[in-house]
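Participant: Please see the structure below; I have some questions.
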């Protein structure tokens, strides 16, 4: 009876595992096959990897897309960390009634769906395109700015700041550090793991973001990786081998982060709920 | 003597200055965030509200009162999007949460072998971007996709099924895809909470004669209630905003069979002749739904306490 149950559990988990990783295996195997073999249902790895990679780099502007996505993700991550940690620190360490009210109002924005503010944001950036072309429609700056400050990360930093020892702040004051100096010299280095966790989530979100770049970036040379893949995926006669290669390349950065920093990643997820 | 007095005054002045700075400097830390949230969330929400009373193509908008709001009731596309989104919500979120709970309970058993492997494998799908996995699912379930090949080979079907051209299958594929992507993600939340639970509680229950099901419903579920509430709210919000998957797997088709509300808003604003006013009206429906459902979920979870 007990053995039966065990076997059932292992079977169940094995099926779940196969379902979970099969699309990955198929993607990697298809990357090495010709398009026609993929449509014939070939599962085994082939010998056309080099050919697919070459075709991808020659016929599709994947390099500019990688560069655009890279710039957007890195800048977004830095700005997010800076702005959100300042706010999380301010709300928690310099707590006051007024700030708590502001904090609750900020939290309300977690319920605002992006689709609801997309049109006004588009009009906002459309309105400044003539006077400030660098921040207007079809610029990387416009793709970055509205995504930087989110209630999620402010909340995340505030939750984690609860564990930051106030004695350190007093010590800093006695040492004659300014309030700004305390933040920069004591808080930031102490909270390294919190920053790491937030950086992973911010980077992944930004790297994978689709809807806002789709709205705001219009010219082909501004395209990010998700836009490029969506475009390839909707073609009428898709070259499966090549598209799978593009998808693997697009997934590589987040997959590497996942494998090497899984602990921080999980810490980042959990940091938003504890407390 | 006089000099000393001035010094004292100077010092107290300096002290009160310092106290003043210390009391109010917190605002400086949060000011950038507050301004950005105001500009990129509250201003657009107000603007969208005003837009919902305007109509016209592109930039030539004029006030039309409640026309947009009345239009909602007679708009078959909106109705389709609302029904589809409700189906996604009512089927996908419960299935995913139950699955995630089962996985987490099974994987929390310390005597289980290969726990780490199973955990990582089930968690893995969340490294993929929404667009990337959507395209993969589109190909997996294509007419000459691997799923059809498999079903043909095992003899389950005699000819390929065009999954994505069938209104019901297309919905099922979208639900399958989202479940594949997010079950492991939610499982990690439950697993992390379960790891904080003292195993002696379960031992005590076992001694009292509670079977596995009783342990699950009477210990595990109540302990995980806050986190289940958290994940159901985030999942609900996520599903109500569903866009990337529908856009990249079916583009809302066949017909409007898989159209989501977010995609309808996108189409109204950027695919068809832009009608920002009506798009804003539809977007307020999602806001209202999110607020309404979050309150209900809080109430349901709160009542049982």
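Participant: So which residue, out of A:128, A:154, A:243, gets the largest mean-square fluctuation from a GNM of chain A using Cα contacts under 10 Å as springs?
Facilitator: A:128
Participant: Mind checking A:17-26 for the average number of partner chain beta-carbons within 10 Å of each residue's beta-carbon? Walk me through the numbers on the way to the answer.
Facilitator: Values: counts 8, 1, 7, 11, 5, 3, 13, 7, 0, 5.
For peptide A:17-26, the averaged partner shielding equals 6.
Participant: Need one value for B:281-293: mean number of C-beta atoms belonging to other chains within 10 Å of its residues' C-beta atoms.
Facilitator: Numbers: counts 0, 2, 9, 2, 2, 6, 6, 0, 1, 5, 3, 0, 1.
Per residue, the average neighbour count from other chains is 3.
Participant: For region B:38-175, restrict the atom set to alpha-carbon positions and state the Rg and Dmax in Å.
Facilitator: Gyration radius and largest Cα-Cα distance of region B:38-175: 22.5, 68 Å.
Participant: Average partner chain C-beta neighbours within 10 Å, per residue of A:250-263? Before the final figure, lay out each step's value.
Facilitator: Values: counts 5, 6, 1, 1, 5, 3, 1, 1, 6, 3, 0, 0, 5, 0.
Averaged over the peptide's residues, the number is 3.
Participant: Just how far, in whole angstrom, is region B:229-259 from region B:151-166 if you go by their alpha carbon centroids?
Facilitator: 25 Å
Participant: Right, something else. Once you order the gyration tensor axes a ≥ b ≥ c over the Cα atoms, which shape class does region A:55-121 get: rounded for a/c under 1.5, otherwise prolate or oblate by comparing a/b with b/c? Could you put the intermediate results ahead of the total?
Facilitator: Values: a/c = 5.68, a/b = 2.15, b/c = 2.64.
Taking the square roots of the gyration eigenvalues as a ≥ b ≥ c, region A:55-121 is oblate.
Participant: Something else: log₁₀ I(q)/I(0) of region B:163-228 at q = 0.16 Å⁻¹, via Debye over equal Cα point scatterers, no solvent, to two decimals?
Facilitator: The calculated log intensity ratios at q = 0.16 Å⁻¹ are -0.67.
Participant: How much mean residue ellipticity at 222 nm does the protein assembly as shown get from its helices, if each DSSP H run of length 4 or more adds -39500 (n - 2.57) and you divide by all residues, to the nearest 500 deg cm²/dmol?
Facilitator: Value at 222 nm, helices only: -22500 deg cm²/dmol.
Participant: Can you compute the modelled spin-label distance between residue A:132 and residue A:221, with each label point 7 Å from Cα toward Cβ, in nm?
Facilitator: Distance between label points: 2.4 nm.
Participant: Fewest first, what order do B:126, A:4 take by the number of other Cβ atoms within 10 Å? Walk me through the numbers before you get to the answer.
Facilitator: Numbers: B:126 20, A:4 8.
Arranged by neighbour count, lowest to highest, B:126, A:4 become A:4, B:126.
Participant: While we're here: If packing is taken as the mean number of other Cβ atoms within 10 Å per residue, what is the order of A:215-223, B:251-259, B:206-214, B:172-180, highest first?
Facilitator: Averaged packing, sorted descending, gives the order B:172-180, B:251-259, A:215-223, B:206-214.
Participant: Compute the Rg to Rh ratio over region A:73-161 from the alpha carbon atoms, using the Kirkwood formula for Rh, and round to two decimal places.
Facilitator: Details: Rg = 14.9 Å, Rh = 14.3 Å.
Here the Rg-to-Rh quotient is 1.04.
Participant: Wrap a convex hull around the Cα atoms of chain B, take a quarter of its surface area, and give that in square nanometres. Working shown, then result.
Facilitator: Values: hull surface 115.4 nm².
Answer in nm², one decimal: 28.9.
Participant: Follow-up. To the nearest whole percent, what portion of all C-alpha pairs in the protein assembly as shown is separated by more than 40 angstrom? Mind showing how you got there, number by number?
Facilitator: Working: 53973 of 167910 pairs.
Here the tail beyond 40 Å accounts for 32 percent of pairs.
Participant: Using Cα pairs closer than 8 Å and at least 6 residues apart in sequence, work out the relative contact order for region A:61-234, in percent. Walk me through the intermediate numbers first.
Facilitator: Details: 162 pairs, mean separation 73.3, N = 174.
Dividing the mean separation by the residue count of region A:61-234 yields 42 percent.
Participant: Right, another one. State the volume of the convex hull built on the alpha-carbon positions of region A:164-257, expressed per residue in Å³ and rounded to an integer.
Facilitator: Details: hull volume 12.2 nm³, N = 94.
In region A:164-257, the Cα convex hull volume per residue is 130 Å³.
Participant: Another question, then. Given springs between every Cα pair under 10 Å in a Gaussian network model of chain A, which of A:18, A:71, A:93 has the largest fluctuation?
Facilitator: Highest fluctuation among the options: A:18.
Participant: OK, next. Could you tell me how many degrees, from 0 to 90 and to the nearest 10, lie between the Cα long axis of helix A:62-93 and the main elongation axis, the longest principal axis, of the Cα atoms of chain A?
Facilitator: 30 degrees
Participant: Follow-up. Arranged by the count of other C-beta atoms within 10 angstrom, fewest first, what order do B:137, B:150 take? Mind dumping the intermediate values first?
Facilitator: Details: B:137 25, B:150 14.
Listing B:137, B:150 from fewest to most nearby Cβ atoms yields B:150, B:137.
Participant: Let me ask something additional. Answer rounded, prolate or oblate for region A:1-140, using the Cα gyration tensor with square roots of eigenvalues a ≥ b ≥ c: rounded when a/c is under 1.5, else prolate when a/b is larger than b/c, else oblate. All intermediate terms of the calculation are to be shown ahead of the outcome.
Facilitator: Values: a/c = 3.03, a/b = 1.37, b/c = 2.21.
It comes out oblate by the Cα gyration axes.
Participant: Hey, what's the Cα Rg ratio for region A:1-81 versus the globular rule of thumb, 2.2 N^0.38 Å?
Facilitator: Values: Rg = 20.3 Å, N = 81, 2.2 N^0.38 = 11.7 Å.
Dividing the Cα radius of gyration by 2.2 N^0.38 Å gives 1.74.
Participant: I've got another one for you. Report the residue, chosen from A:175, A:61, A:239, that carries the largest GNM mean-square fluctuation when chain A is represented by alpha-carbon nodes joined by springs under 10 Å.
Facilitator: A:175
Participant: Moving to a separate point now. Evaluate the Kirkwood expression for the hydrodynamic radius of region A:61-234, namely the inverse of the mean inverse distance over all pairs of different C-alpha atoms, and round to one decimal in Å. Walk me through the intermediate numbers first.
Facilitator: On the way: mean 1/r = 0.0561 Å⁻¹.
Value: 17.8 Å, from the Cα pair sum.
Participant: Would you mind classifying region B:237-305 by shape? Square roots of the alpha carbon gyration tensor eigenvalues, ordered a ≥ b ≥ c; an a/c under 1.5 is rounded, otherwise it is prolate if a/b is larger than b/c and oblate if not.
Facilitator: On the way: a/c = 3.86, a/b = 1.86, b/c = 2.08.
Oblate shape, in that a/c is at least 1.5 and b/c is the bigger or equal ratio.
Participant: If you line up the long axis of helix A:262-271 against the longest principal axis of chain A, both from Cα atoms, how many degrees apart are they, to the nearest 10?
Facilitator: 50 degrees
Participant: Sticking with this structure for a sec: Compute the angle between helix A:114-128 and the longest alpha-carbon principal axis of chain A, please, reported from 0 to 90 degrees and rounded to the nearest 10.
Facilitator: On a 0 to 90 degree scale, this one is about 80.
Rule-based calculations on the coordinates, nothing more; no lab input. Keep in mind that what you see is a predicted model, and the values were worked out from it rather than measured. Cβ: placed from backbone, ideal geometry, glycine included. Neighbour counts: every protein chain shown.
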